[in-house]
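This report concerns only the one structure given below.
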Amino acid sequence: MWLYDKDSIEYEVFKLYERALVAVGVNFFRGDVQDALNGCSDGLEDALRAAISYILWLKEQEKEIHATMILVRSLNEKWKPREWCDEYLDLPMLKSYGQKWWEGAEKIWGYDKRNQLVADIVYDQGKEYIVFTNGKEMLLEIAWRWGWERVLDYASS
């Protein structure tokens with residue numbers, strides 16, 4: 001089961017697209033999603049890209065989106081993307097809350113201060129955490145509630 005083997009190539013590929021899929025509403029905790037992921041090591045990247053590009057097309061057409069079901073079908077049927085460019089992952093719609101917070105921290109605190117204080121944004125089991133260089137961690141949803149100044153004080157102490 002590659003999904004639980006953090007050293008596998010499939011796991012690395014999955015992690016490239018996981019946040020974008022969560023941002024559009026995929027529920028990775030559903031059994032059918034887990035089964036489809038585990039059954040699709042061959043053609044995994046194509047299937048993930050195809051699901052994302054189809055979701056983007058549906059959004060552009062202002063059609064209803066059932067992101068989880070689209071991903072399951074894409075994985076099970078080993079879809080190939082019609083169009084793909086890596087810049088899709090930079091679209092606001094596909095950015096996770098962690099990516100948005102990271103960019104916001106640069107705007108509010110400045111590039112250097114953010115990079116001095118924040119070691120990483122980690123996505124693990126459906127939650128995003130900020131890992132600070134002082135060894136502290138914080139759930140992203142708490143950081144949004146606290147606001148920039150309070151998080152800055154926490155990260156600086």
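Coordinate-derived values only; no laboratory data. The structure displayed is predicted, hence computed values, not measured ones. So basically every Cβ, Gly included, is an ideal-geometry build from the backbone, and we count neighbours across all protein chains shown.
One table, with the values for the structure above:
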item	result
Equivalent ellipsoid semi-axes - Cα gyration tensor, the chain, angstrom	31, 18, 13
Between helix 97-109 and the chain: long-axis angle, C-alpha atoms, 0 to 90°, nearest 10	30
Under 17 Å, Cα to Cα: Lys pairs in the chain, sequence gap 8 or more or different chains	10
222 nm mean residue ellipticity, helices alone, for the chain (DSSP H n ≥ 4; -39,500 (n - 2.57); rounded to 500)	-16500 deg cm²/dmol
Burial ranking of peptide ranges 60-69, 31-40 (average Cβ count within 10 Å, highest at the top)	31-40, 60-69
P(r) of the stretch 96-156 over all Cα-Cα pairs, binned every 5 Å from zero, in whole percent	4, 20, 35, 30, 9, 2
Solvent-free Debye scattering, log10 I(q)/I(0), computed from the Cα coordinates of the stretch 2-90 at q = 0.13, 0.14, 0.24 Å⁻¹	-0.37, -0.43, -1.32
